[in-house]
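Step one of this worksheet: look at the structure below.
The values are calculated or read from the model by the stated rules, or taken from the named source; none is laboratory data. From a predicted model like this one, the values you see are computed outputs, not experimental measurements. So basically every Cβ, Gly included, is an ideal-geometry build from the backbone, and we count neighbours across all protein chains shown.
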Amino acid sequence: MKARCSAHVSDRVMASLGKDEALNAVKSTLAPDALLCVDGAGVYKKVESELGIKVEAMATVYAGRTRDGPGGVVYHIQGVNNYHERMKTWINCRMRGVSTKYLPHYLAWMRMQEWFKDEIKQEHYIVTGLGRQIINR
């Protein structure tokens, strides 16, 4: 998930996109008054009904990549699409592929590089590799 106009990203590796995993990911990340724009997976309707977080489904195949909402707000999932592209490029080019077992660590390292840029320290990689988050806690 990516907050609009923000450098903060929350990502999570899930074995499957089931109701419980989606609820836990969203519950620990979003405020109750948030708006969650999703790709149309039905599991997010459970998030809306059980957590009370407003969900806007964007079926991009049929309706395009954006949709106008009330008050001139534009709903879109392009921030997430952009993050997926950056993640795939980083893993395939920089890391030459990764082991699924360590994917959460690689994602944390990518977030650190994007967040700290040239100010990143070697210690950040070690601490994150041991399972402690440096940013986006």
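Structure values in brief
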quantity: Residue that is surrounded by the most Cβ atoms within 10 Å (Cβ to Cβ), among those in region 40-55 that are part of a loop (DSSP other than H, G, I, E, B) and without any contact (Cβ under 8 Å) to a residue 24 or more places away in the chain; calculated: GLY40
quantity: Cross-chain or 6+ apart pairs with Cβ under 8 Å, region 101-116 first and over 13 Å from VAL9 (Cβ atoms), then at pLDDT 80 or above and in a helix (DSSP H, G or I); calculated: TYR106/ILE91
quantity: Qualifying residue in region 99-116 (condition: outside any helix (DSSP H, G or I) and either aliphatic (A, V, I, L, M) or modelled with pLDDT of 80 or more (or both)); calculated: no
quantity: Hey, ASP33 more than 14 Å from the chain's Cα centre (by Cα) and either part of a loop (DSSP other than H, G, I, E, B) or hydroxyl-bearing (Ser, Thr, Tyr) (or both) or not; calculated: yes
quantity: Yes/no for TRP90 being aromatic (Phe, Trp, Tyr) and in contact with a helix residue (DSSP H, G or I) (Cβ under 6 Å, 6 or more places away or on another chain); calculated: yes
quantity: Candidates MET95, MET87, MET58 - the one that is farther than 19 Å from THR29 by Cα, modelled with pLDDT of 75 or more and surrounded by 10 or more Cβ atoms within 10 Å (Cβ to Cβ); calculated: MET87
